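Scroll down for the structure; my scribbles are underneath it.
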Amino acid sequence: MTLALDLLTIVGVSAGCFFFVAGTVGLLRFPDALTRMHALTKADNLGLGLIVLGLLPQAAGLGHALKLVAIWLLAQVSAAVASQLIAGAVLRQRSAIWP
Amino acid sequence: MTSTDIFALCATTLVGLGLFGIITNPQPLRKIVAFNVIGNGVFLLFGVVAHRGAAAGLGADPVPQALVITGIVVAFSATALAVALLLRLAKQTHLLTLEADDGSDGDLS
Amino acid sequence: MASFLMSAAGLVLAMAALGLVRIFYGPIDADRLIAAQLIGTCGVAILLLLAGATEATPITDVALILALLAAFLSVAFVRGAAGFASASEQGDDDR
Amino acid sequence: MALGFDISLAFLVVVLAAWTIQVHDTYSAVLAFVVFGLLVALIWVRLASVDVALTEAAIGSGVTGALLLSAAALLRPTESTVAPPGAAWCTAAGVVCAIITAGLGAIALLLPDPAPTLAPLAAANLPQSGLGNPVTGVLFVYRALDTLLEKVVLVLALVGVWSLAVDRLWGGIPALWPATCPDSTLTFLAQLLPSVGLMLGIYLCWTGADHPGGAFQGGALLTAMWLLVMLAGVRAAPATGLLSLRLLLVAGPTLFLVIGLSGFAIAGAFLAYPPGYGKPLIVVAEGALTLSIGVTLGLLAAGPAERAREP
């Protein structure tokens, strides 16, 4: 049983790390700010979600597990709102330069 | 070379960098930021000493930790006061410099 | 398991370090904001992995605070960014 | 493995600090400073000081970052008016700072290891107070006078900030920049997040007695949520002359002082707790302090009054 849980942790955390790598590559390689936002909202949040999923079997009790899930939800909200606001700022700046 | 030594060197480098920033950055707001970098360096030195004093099942000596917690809060209040002074200065003079008007060394700086 | 989680934390830290490149070279404020948010997410992940590696559950609380403040700071960030300022204060010349 | 992680972390922090110091644009510098604070919080976790990591994440990076960001944005138009110092001056300053760094580094490495420590003493006397977290024990039992005086410092700093207001605006409303920019996403966030933040702040204050956390961390979270609500324009900043606001400001320190003075009568010394009642008294004082700290830090960040109070 422990072995299966540890295996789940290893798979989850490894997959999460993969998406973090993908997110950083996206941040560095995408051509402009609006496309780079994908790295933040999609890749990294998926990575965090998978890491949380991987760590859940190791959680010390229900409260700790709930905290882990709450962190992921907060990160989701944060990324969603931040990308909305940043995109708005980018569009406003563009329209200020090319009205 | 242990982790604690690494962090000790990191802390002293922060103090040096912050000092350099205070001396060379002409804008007052940058001096405030540099001051905060120095503060972080000093706090980290406390943290290093606390970690070296780990005993009795505690990961670090709680007394320096408590000092640093109060220190961080006081550093914030000092920063807030400095920023308020700076904004008032900028509003009053429409300039952002601590130099006197004639270009000589200002008595404010 | 602890050393596996520790190396995963190291990998995510390396990704955060690469994200710094975007903070340094911009080119516009929005890129820096995105990079800062991304490093924030990396920081949360690193803390969770460290909490798992050292089995010190209070570290999770630090991650919780970081996740909460990331949203707050994104608002403060964007308020100060060039695009926002030019919209709210007309006649303000941006770089 | 852990050593490699720590070396990279320390290296990143130094690189970020150097960038913060030398970059031309102030806004970028402040942004880098916020990320720097985040990484410093990671160092505190590695130094086994989770209490400090919580404080650094909430105040050192979060609230300070928001304060500096809004100041940087306000001062942006005036930025180009300042000339940088000459190369010779920079080189001289660099040499002096390098010497100071080297000297400090040598001292830091030569300090005794293991350091002289009060940890066994703190741990041995902790059960008497009924607390489980040694740092809270130091803050509220062994060094309670420091903590009390620190609250006074906070209030004094606020008096300093408020006194920068123009005379006729005394008691008016702080102009939290920028007061209006309606945005539905922002409003949604400002309605959703504070409830979560409030819960987390209360949790941190409550758990502080036995686990890492406490009045400062909880108070800073309340501050962040309050600033968010004001920044989003959901609620206006309060007039600094409001009686209820001023009562809130002094409620925590006053309660702490009353508990301290009653120590004379009950336990025979200032800030001494009667045996058996230590923990409940500390938790009550912490609750009031959390509220006061939250309000004080928020008003410090909001700045002096810039609009007159509506009659």
Residue pairs qualifying under the 6 Å Cβ cut-off, at least six apart or on distinct chains, with the first in segment D:105-128 being facing another protein chain (nearest Cβ under 7 Å) and the second being in a helix (DSSP H, G or I) and of a type in the set (K, R), are D:D113/B:R52; D:P114/B:R52; D:A115/B:R52
Can you list the helices (runs of 4 or more DSSP H) lying wholly within chain A that have 3 or more residues being surrounded by 14 or more Cβ atoms within 10 Å (Cβ to Cβ) and at pLDDT below 90?
A:2-29, A:33-38, A:62-97
Options D:G303, D:G276; residue that is small (G, A, S) and either more than 25 Å from the chain's Cα centre (by Cα) or at pLDDT 85 or above (or both)
D:G276
Quick one: in segment B:1-60, of everything that is of a type in the set (A, V, I, L, M) and not in a helix (DSSP H, G or I), which residue is surrounded by the fewest Cβ atoms within 10 Å (Cβ to Cβ)?
B:M1
For D:L69, the lone unmet condition from (1) over 23 Å from D:T136 (Cα atoms); (2) at the interface with chain B (Cβ under 10 Å from one of its Cβ atoms) is (2)
Of the residues in segment D:201-223, those that are surrounded by fewer than 24 Cβ atoms within 10 Å (Cβ to Cβ) and part of a helix (DSSP H, G or I) come to D:I202, D:Y203, D:W206, D:T207
Can you spot a residue in segment C:70-88 that is facing chain A (nearest Cβ under 7 Å), crowded, with 24+ Cβ neighbours inside 10 Å and modelled with pLDDT of 85 or more?
yes
The lone condition D:V138 fails out of (1) under 30 Å from D:P274 (Cα atoms); (2) in contact with a Leu (Cβ under 9 Å, 6 or more places away or on another chain); (3) more than 7 Å from chain B (Cβ to nearest Cβ) is (3)
Considering only residues that are of a type in the set (G, A, S) and touching a strand residue (DSSP E or B) at 6+ places or on another chain (Cβ under 8 Å), which ones fall in segment D:120-173?
D:A165, D:G171, D:G172
Please state which one of D:V45, D:V13, D:V63 is hydrophobic (A, V, I, L, M, F, W, C), over 13 Å from the mean Cα position of the chain (by Cα) and within 7 Å of chain B (Cβ to nearest Cβ).
D:V13
Based on this model, can you work out whether D:A209 counts as assigned by TED's automatic domain parsing to the domain that holds D:L291, more than 30 Å from D:L126 (Cα to Cα) and of a type in the set (A, V, I, L, M, F, W, C)?
no
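Quick grid of which residues meet (1) hydroxyl-bearing (S, T, Y); (2) farther than 19 Å from C:A67 by Cα; (3) at pLDDT 85 or above:
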| site | (1), (2), (3) |
| --- | --- |
| D:E150 | no, yes, yes |
| D:I173 | no, yes, no |
| D:L176 | no, yes, no |
| D:A179 | no, yes, no |
| D:P182 | no, yes, no |
| D:L189 | no, no, no |
| D:T223 | yes, no, yes |
| D:A237 | no, yes, no |
| D:S244 | yes, yes, yes |
Those residues of segment D:16-42 that are more than 9 Å from chain B (Cβ to nearest Cβ), under 23 Å from B:M1 (Cβ atoms) and touching a residue at least 24 places away in the same chain (Cβ under 8 Å) come to a total of 2
Which numbered condition in (1) at pLDDT below 75; (2) of a type in the set (S, T, N, Q); (3) outside any helix (DSSP H, G or I) is the only one that D:S80 fails?
(3)
Test set (1) touching a residue at least 60 places away in the same chain (Cβ under 8 Å); (2) farther than 30 Å from B:V63 by Cβ; (3) surrounded by 24 or more Cβ atoms within 10 Å (Cβ to Cβ) - D:L74 fails condition number
(3)
Just wondering, is there one or more residues in segment D:225-248 that are among the aromatic types (F, W, Y) and free of Cβ contacts under 8 Å to residues at least 24 places away in the same chain?
no
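The values are calculated or read from the model by the stated rules, or taken from the named source; none is laboratory data. For clarity, every value in this text was computed on a predicted model and none was experimentally measured. Positions of Cβ are generated from backbone atoms using ideal geometry, with glycine treated the same way; all protein chains shown enter the neighbour counts.
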